[in-house]
Amino acid sequence: MIAPPRVWWKPLGQLERSWLLIGLVWCIFLTAMMPIWFFLGRQNVPATTYRATPEQFQAQVNAMIEQYKVGEERGFPIVEPPPGSDVFIQARMWQWYPIVKLKKGETYRLHLSSLDVQHGFSLQPMNLNFMVLPGYDYVVTITPTTAGEFYVVCNEYCGVGHHLMIGKIIVTE
Amino acid sequence: MAVTSIAREREHAIFRTCSATGLKVDLAAERLIIANAVVAVVMLLIGGIIALLLALTRWQAIHLLNPVWFYRLTTIHGIDMLVAWIVFFEVAGLYFGSTVLLNARMVKPSIAWFAFVLMLVGGLMVNVVVLMGGSDVMFTAYVPLKAHPLFYLGYILFAVGALIAVALFFVNVVVAKAEGRYEGSMPLVVFGLATAGIIATYTLLSGALAFVPAFFWSLGLVDNYDPGFFRNFFWSFGHPAQQINLAAMVAVWYALAFLTVGAVPLNEKLSRLAFILYIFFINLGSAHHLLVDPGPSFAWKATNTSYAMYLAVLGSMIHAFSIPAALEVALRRQGHKRGLLEWLRKAPWREPGFAALVVSMFVFGWIGGVTGVTIGTEQINMLAHNTLRIPGHFHATVVGGTTLAFMGLTYYLIPLIFRRELKLKKLAIWQPYVYGLGMALVSVGMIAAGLQGVSRRHWDVTFTQAPFQSPVPGTVHLALAVMGIGAIIAIIGGTMFLLVVLSSVFTGKRQEATSVTLVVDPPPFLGYMSEKEEKDAQLQPRGTFVIVLVFLMFFAAYYLSNWWLLGRTWMVR
Ligand code: HEM
Ligand SMILES: [Cu+2]
Ligand SMILES: [Cu+2]
């Protein structure tokens, strides 16, 4: 609060020096964890992204539904694409469409895009979260490791029906 | 009260001399500080009333508001708190630091008033537009969710006003130096504020980059505004804006440490280095809002959030040691030398500024800092993005930390700047504890709910009106209840603050301050340490060293357990 003496450039005390060193090591560790996990970990942030207009994306969704539809629930088609294939989930105010059925232990390329505003793909209760933007096709390569019924909540505010927006992913053994 | 008129270069500044500190106060600066601080507190009042309504809505057992009003008021709460309260108060702080603390004058009061009006008009415009409906877009206003054009215009006016105020701060500092108003180097508090000012400049320019195109787009003059670009520009504004708060808050911490126990920085070099780390690295941290966005690569995300950000974290680690160490050494020099922690027992816990300082540092560091670094880690962000963990984190930083520090400083502005006696001292003594406890519960409740996947900005965790209902475990309801109860306690703490301030300002006796402290005796002024004292083993901050080691262990435990959590979920790439 007060002006320091003219010369304040003095060496650090013993404890200050130790703490600075500990802090620096900790920060280097924090930094290193990300590349380490990138190479060794099994959960990494997807980076594959394509451009897709809402029309293009919707066409892909519809083509997938036509090919792999296996049922219907509450007006939502249920699709079961083969393991390893491309799966398209579209977001719009205020639904995730369609319901998809996956196999445990198999890998899928999940394409996420929006037809209108920004939405948030929030897979519950696994709690994996990704942004879904119009104009971008975000490819999430995913391998379910547990079976059951999972829900896709929208966790980016997308208008007054935001809390009505919930979808479903079914994983079978 | 001594009033002198100093004429320099056709400017006439009228000064009074503060009877408690001997500082010279330019009356024009004083009026500006008061105006900005008053608007700030009014905004805090509005935002606070809304906060209670929001918390009581998210507390599912009460579920107070309907969805339209929940989203509308969330928009207003974000803007009035994060933008209006914080920035108005910061402008008051910048004027205070660049005039009063330097014995200097306000160089262009008329322009400062112009900036004040711009900010006020901009802020009111946004509030009115949102309240009228049709602009429920949250303070982030992500395109293509469209608000009324005046919404964006209000934002722009506010930012321009703030930018002018920041420029005036620098003008004041430079002129003060040129006119030889102070001796020696710039005080650390002003240095910290200057850091905030530099960060503010590029932050507000990014804000313009985000909102000016959005304004034209809302008018229909631009067809398409890429949502990815908007997010990038917005967060180049939105995140560094938080670092302005951080730098300003740390400056306020140093000020409170000086006012309440007479603490001076132990090593100016180290403390200044920490601020410089902020300037260089902290703005890259804005990328951690884009961690799970489509577009950027792994390397882009990791570099921006880590390499650079952790050097900024180092800056904070330095402050986390330096400030408590300064308190400890000051108290040890006053004779509380025994053992590791005698100084802590003998500290002036009844002094509101000291309590605000300690509680603010604790909530900020232990809850806000630890959770912030963790969720800002690229891969861990997948578990946290847009869940209640995010508001849980920043209600510990900007609400439990910054807001409480600013509240603490306000108590001292009342005798020193408003020149009123502080009323309701009893309330002031308890206020930082009540408010801090409430905010800690709010944050912890939100974090606990977010860890279980509860979304932020969401009206209904039970999805009663939706096509499917995901099961909601009882622990979610428990976490939300903790948040709601914390909110009630925090609102009581906030009300105590407003009662003290308003009753002092409007009904307090007009008097010159006689002491810098409010409750306890003023600390002896010991100044900087002598060579001999620096070598004295009894004066080393050993207690602080132990405290920060415990802090680091807690930090590591929380951080590593999040990697463990991540390792249990589905494989994703
Ligand atoms: C008693 C004090 C406060 C309480 C109980 C409180 C409570 C809340 C609640 C319940 C939400 C909504 C969370 C959600 O559903 O996503 C919220 C959002 C928020 N609050 Fe507070 N708040 C308080 C004070 C503050 C202060 C002082 C600030 C800023 C300095 C602040 C900044 C924000 C921001 C930026 C948001 C996010 C809005 C958004 O998501 O758009 N709050 N608060
Ligand atoms: Cu949505
Ligand atoms: Cu939504």
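What the table shows:
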item	result
So B:A449, is it away from ligand 2 (no atom under 16 Å from the Cβ), within 19 Å of B:L52 (Cα to Cα) and within 14 Å of chain A (Cβ to nearest Cβ)	yes
Residue ID - surrounded by the most Cβ atoms within 10 Å (Cβ to Cβ), chosen from residues in the range A:138-155 that are without any contact (Cβ under 8 Å) to a residue 60 or more places away in the chain and not polar (S, T, N, Q)	A:V153
Test: residue in the range B:180-197 that is farther than 26 Å from B:A263 by Cα and assigned to a helix (DSSP H, G or I)	no
Criterion (of a type outside the set (S, T, Y) and either within 16 Å of ligand 2 (Cβ to nearest atom) or in contact with a strand residue (DSSP E or B) (Cβ under 8 Å, 6 or more places away or on another chain) (or both)) met by exactly one of B:Q538, B:Q465	B:Q465
Selected residue (criterion: nearest to B:W253 (Cα to Cα)) from residues of the range B:331-346 that are in contact with a Phe, Trp or Tyr (Cβ under 8 Å, 6 or more places away or on another chain) and part of a helix (DSSP H, G or I)	B:L331
Filter result for B:L416 (in a helix (DSSP H, G or I), at pLDDT below 95 and within 14 Å of another protein chain (Cβ to nearest Cβ))	yes
Some residue of the range B:96-108 being buried (at least 23 other Cβ atoms within 10 Å of the Cβ), within 24 Å of the chain's Cα centre (by Cα), modelled with pLDDT of 95 or more and away from ligand 3 (no atom under 16 Å from the Cβ)	no
Flag if A:V132 is out of contact with any helix residue (DSSP H, G or I) (no Cβ under 8 Å at 6 or more places or on another chain), of a type outside the set (S, T, N, Q), within 16 Å of ligand 3 (Cβ to nearest atom) and modelled with pLDDT of 95 or more	yes
Matching residues, the range A:117-141, being over 12 Å from the mean Cα position of the chain (by Cα) and polar (S, T, N, Q)	A:Q118
Of all residues in the range B:304-327 being over 20 Å from the mean Cα position of the chain (by Cα) and at pLDDT 85 or above, the one that is farthest from the other protein chains (Cβ to nearest Cβ)	B:L327
Where B:H288 falls short, out of the listed (1) more than 30 Å from B:M496 (Cβ to Cβ); (2) in contact with an Asp or Glu (Cβ under 9 Å, 6 or more places away or on another chain); (3) in a loop (DSSP other than H, G, I, E, B)	(3)
Pick from the range A:113-127, criterion outside any strand (DSSP E or B) and more than 10 Å from ligand 3 (Cβ to nearest atom), ranking: modelled with the highest pLDDT	A:L115
Pairs with Cβ under 7 Å, 6+ apart, first in the range A:156-172 and under 26 Å from A:T146 (Cα atoms), second charged (D, E, K, R) and away from ligand 1 (no atom under 14 Å from the Cβ)	A:K168/A:E149; A:I170/A:K101; A:I170/A:E149; A:V171/A:K104; A:T172/A:K101; A:T172/A:K103; A:T172/A:K104
Failed item, numbered, when A:V171 is tested on (1) out of contact with any Leu (no Cβ under 6 Å at 6 or more places or on another chain); (2) surrounded by fewer than 24 Cβ atoms within 10 Å (Cβ to Cβ)	(1)
Residue within the range A:72-92 that is farther than 30 Å from B:L193 by Cα, of a type in the set (A, V, I, L, M, F, W, C) and within 16 Å of ligand 3 (Cβ to nearest atom) present	yes
Any hit, the range B:220-229, residues being in contact (Cβ under 8 Å) with a residue 60 or more places away in the chain, at negative phi, touching a helix residue (DSSP H, G or I) at 6+ places or on another chain (Cβ under 6 Å) and assigned to a helix (DSSP H, G or I)	no
The range B:535-569, subset outside any helix (DSSP H, G or I) and at the interface with chain A (Cβ under 8 Å from one of its Cβ atoms), residue surrounded by the most Cβ atoms within 10 Å (Cβ to Cβ)	B:P541
Candidates B:W349, B:W366 - the one that is part of a loop (DSSP other than H, G, I, E, B) and of a type in the set (F, W, Y)	B:W349
Test: B:I375 is within 11 Å of ligand 1 (Cβ to nearest atom), within 12 Å of chain A (Cβ to nearest Cβ) and not small (G, A, S)	no
In the range B:369-410, the residues that are within 16 Å of ligand 3 (Cβ to nearest atom) and part of a loop (DSSP other than H, G, I, E, B)	B:H385, B:N386, B:L388
Matching residues, the range A:143-171, being over 14 Å from the mean Cα position of the chain (by Cα), more than 16 Å from ligand 1 (Cβ to nearest atom) and of a type in the set (S, T, Y)	A:T145, A:T146
Any hit, the range A:110-124, residues being away from ligand 2 (no atom under 15 Å from the Cβ), closer than 19 Å to B:V461 by Cβ and either buried (at least 20 other Cβ atoms within 10 Å of the Cβ) or among the basic types (K, R) (or both)	no
Some residue of the range B:130-139 being under 18 Å from the mean Cα position of the chain (by Cα) and either modelled with pLDDT of 85 or more or of a type in the set (D, E, K, R) (or both)	yes
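Quick grid of which residues meet (1) outside any loop (DSSP other than H, G, I, E, B); (2) surrounded by 18 or more Cβ atoms within 10 Å (Cβ to Cβ); (3) within 10 Å of ligand 1 (Cβ to nearest atom); (4) within 14 Å of chain A (Cβ to nearest Cβ):
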residue: B:T462; (1), (2), (3), (4): no, no, no, yes
residue: B:Q465; (1), (2), (3), (4): no, no, no, yes
residue: B:F468; (1), (2), (3), (4): no, no, no, yes
residue: B:V476; (1), (2), (3), (4): yes, yes, no, yes
residue: B:I485; (1), (2), (3), (4): yes, no, no, no
residue: B:A490; (1), (2), (3), (4): yes, yes, yes, no
residue: B:G493; (1), (2), (3), (4): yes, yes, yes, no
residue: B:V500; (1), (2), (3), (4): yes, yes, no, no
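The values are calculated or read from the model by the stated rules, or taken from the named source; none is laboratory data. Everything numeric here is computed off the predicted structure, so don't read it as measured data. Cβ atoms come from the backbone with ideal geometry, glycine included; neighbour counts cover every protein chain shown.
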